[in-house]
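Notes follow the structure.
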Amino acid sequence: MDSQVFIKATSKIKVLNAIEKLKQVSTFHAGHWSSAKYFDEDLHKRGIVSPIEIYHQYKMPNGYSEKEYEDYIMWLSELVFFEPDRILNIPKYVEKATYGSNMSVQEKQDYKNLLNKPLEDLNDLEKQDLVAILLKQKASVDYEIQNQINIIKKLNPELKDIIIPRGKELDFLIGVTSEFHQDDINYFLHIKEMNKEHAEQEKFRKTIGMKTYALFIEPSRRQKIINAVRMNIKSILDNQNLQNRP
């Protein structure tokens, strides 16, 4: 094999390997999990049978597991926000990404190290090639996200009537992989005041005295859970009163 051909082939492999490493970095670092499912399990541990469906398992395309499909969606998200400086000028990228934050110098350095790790084996020319590939993928990412939404809705008719506001497409898809109930997905997509909503969810957590993870539950559904928790408490107190009678 000609030495130049060999060098080009090796460089291509290195670039493709870097893309696979970047995909791994783009996934949720805590791994795949469902706050809806965890919350439902916690209710059951307390002897509370929820009057509503807390989490919902959806059909994933092409036989993917929820984790595999979620990883793919997270990669699409990475492409949406991709900038060449993410590869070519990491210090500049980090300063821009963390501007106005309270990150320490060490935390910023750790972030730079994290971003640089998938690129360690690449030279400057290979980094340019990598950027060209990612920009090409980015050019079609909006179409691919909409394509995935159409696929998911077709596989799961219970989602077909959800109207997705512009800019919330990835939230919809992550809601599906996280097993959020369709009513809660629809509710979250149309929240106007997020700070107010965080306060309402915190009030809900305090009312039931339980951790609800990253859930955003639609108000009427929250109330049904509150009623079920109160009935459970009342039942426990009634049983205690019966046992304490002479």
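Worth a mention:
- Longest DSSP-loop-exposure-free segment, chymotrypsin sites (Phe, Trp or Tyr not before Pro), the chain, at most 16 other Cβ within 10 Å: 100-212
- The slack between K206 and K224, meaning 0.36 nm per residue of separation minus the straight C-alpha distance, is 5.0 nm.
- Candidate aspartates and glutamates - alpha carbon under 15 Å from K96, same-chain residues fewer than 8 apart omitted: E83, D85, E107
- Within-12-Å neighbourhood charge of Q57 [Cβ basis; K, R +1; D, E -1]: -3
- 18 Å Cα-Cα reach of K154 towards lysines, excluding residues that sit fewer than 8 places from it in its own chain: K59
- Among I54, I191, I73, residue whose mean-square fluctuation peaks in a GNM of the chain (springs only between Cα atoms under 10 Å): I191
- With viscosity 1.306 mPa s and temperature 10 °C, the Kirkwood radius over alpha carbon pairs of the range 100-246 converts through Stokes-Einstein to a diffusion coefficient of 79 µm²/s.
- On a per residue basis, the convex hull of the C-alpha atoms belonging to the range 130-214 measures out at 133 Å³.
- The GNM of the chain, with springs linking C-alpha atoms under 10 angstrom apart, assigns the highest mean-square fluctuation among I162, I13, I149 to I13.
- Per-residue [θ]222 nm for the chain (sum of -39500 (n - 2.57) over DSSP H runs n ≥ 4, rounded to 500): -21000 deg cm²/dmol
- Computed log₁₀ I(q)/I(0) - Debye formula, equal Cα scatterers, no solvent, the chain, q 0.08 Å⁻¹: -0.45
- Too-long pairs where the Cα-Cα distance tops 18 Å, listed order kept, from K37/K211; K92/K117; K108/K136; K8/K138; K14/K108: K108/K136; K8/K138; K14/K108
- Shape category assigned to the range 98-144 from the gyration tensor of Cα positions, a/c cut at 1.5: oblate
- The chain: most fluctuating residue of E95, E179, E41 per GNM, C-alpha cutoff 10 Å: E95
- If you sort the three axes of the alpha carbon gyration tensor as a ≥ b ≥ c, you get a/c of 1.5 or more for the range 31-101 and a/b no higher than b/c, which makes it oblate.
- The fraction of Cα-Cα pairs per 5 angstrom bin, counted from 0 for the range 71-134, comes to 4, 16, 24, 25, 20, 9, 3 percent, rounded to whole percents.
Only the coordinates and a few stated rules stand behind these numbers; no lab work does. Predicted model only: the values in this text are computed from it and were never measured. All Cβ positions, glycine included, derive from the backbone under ideal geometry; neighbour counts span all protein chains shown.
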